[in-house]
Amino acid sequence: METKKKLTHKFYQNLGKLFYAVAAADRQVRDAEFDKLKTLVKNQWLDVDPITDEFDTDAAYEIEIVFDFLKSEERMNIYSYYKDFVDYKNEQPHLFTPEVKQLILKTANAIAASFSGINKSELILLAKLDMELKK
């Protein structure tokens, strides 16, 4: 019998932190980056897992909620957010299937490229993320 692994709310919250860190790598988070994230959540992340919150809303929307909260607070501690993601990944490696890792990289790259292409700061963070997900 095959068991389906459910992703947790904390998983999606840490993805929100990661994607915010990518967008904020150049010390500015633009609307185009958040718009790209919202599109990818709707078109890609909602299909990853059927988990919902207490309001019966797909938990993947927590990616947007965390990103938007950090954006509204203008928090720029990107390395702390990236570290939070890495720590969570290391604590819960079973959640990071090859498909999920691929989607994380696809989303991070799309966010970085959504405004005037990928700059040096974003490129460095994307390279670190790529190496981390290959471990």
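The values are calculated or read from the model by the stated rules, or taken from the named source; none is laboratory data. Since the structure is predicted, the reported quantities are computational estimates derived from the model, not experimental observations. Cβ placement follows ideal geometry from the backbone for every residue including glycine, while neighbour counts extend to all protein chains displayed.
Consider ASP26 against the criteria (1) in contact (Cβ under 8 Å) with a residue 40 or more places away in the chain; (2) over 18 Å from LYS10 (Cα atoms); (3) assigned to a helix (DSSP H, G or I): it satisfies all of them except one. Which criterion is unmet?
(3)
Residues checked against (1) touching a Cys at 6+ places or on another chain (Cβ under 7 Å); (2) of a type in the set (A, V, I, L, M, F, W, C); (3) surrounded by 14 or more Cβ atoms within 10 Å (Cβ to Cβ):
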{"residue": "ALA24", "(1), (2), (3)": "no, yes, yes"}
{"residue": "THR39", "(1), (2), (3)": "no, no, no"}
{"residue": "ARG75", "(1), (2), (3)": "no, no, yes"}
{"residue": "LEU95", "(1), (2), (3)": "no, yes, yes"}
{"residue": "GLN102", "(1), (2), (3)": "no, no, no"}
{"residue": "LYS120", "(1), (2), (3)": "no, no, no"}
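If you check GLU132 against the conditions, is it within 15 Å of the chain's Cα centre (by Cα), farther than 16 Å from LEU37 by Cβ and in contact (Cβ under 8 Å) with a residue 24 or more places away in the chain?
In short, yes.
Show the residue pairs that are 6+ apart or on different chains and have beta-carbon atoms under 9 Å apart, the first residue being within the stretch 117-128 and in contact (Cβ under 8 Å) with a residue 24 or more places away in the chain and farther than 8 Å from ASP26 by Cβ, the second being small (Gly, Ala, Ser) and in a helix (DSSP H, G or I).
Correct list of pairs: LEU125/ALA21; LEU125/ALA108; LEU125/ALA112; LEU126/ALA108; LEU126/ALA112.
Of ALA112, ALA127, which residue is of a type in the set (A, V, I, L, M, F, W, C), farther than 17 Å from LYS17 by Cβ and at pLDDT 95 or above?
Going through ALA112, ALA127 in turn, the sole match is ALA127.
Identify, from the list LEU15, LEU40, LEU7, the residue that is of a type outside the set (Lys, Arg), within 18 Å of GLN92 (Cβ to Cβ) and modelled with pLDDT of 95 or more.
LEU15
Restricting the stretch 43-71 to residues that are more than 21 Å from ALA110 (Cα to Cα) and outside any loop (DSSP other than H, G, I, E, B), which is modelled with the highest pLDDT?
Of everything passing the filter in the stretch 43-71, ASP58 is modelled with the highest pLDDT.
Which residue pairs have Cβ atoms closer than 7 Å, lie 6 or more positions apart in sequence or on different chains, and pair a first residue in the stretch 70-91 that is of a type in the set (S, T, N, Q) with a second residue that is at pLDDT 95 or above?
Taking only residues 6 or more apart or on different chains, not a single pair turns up.
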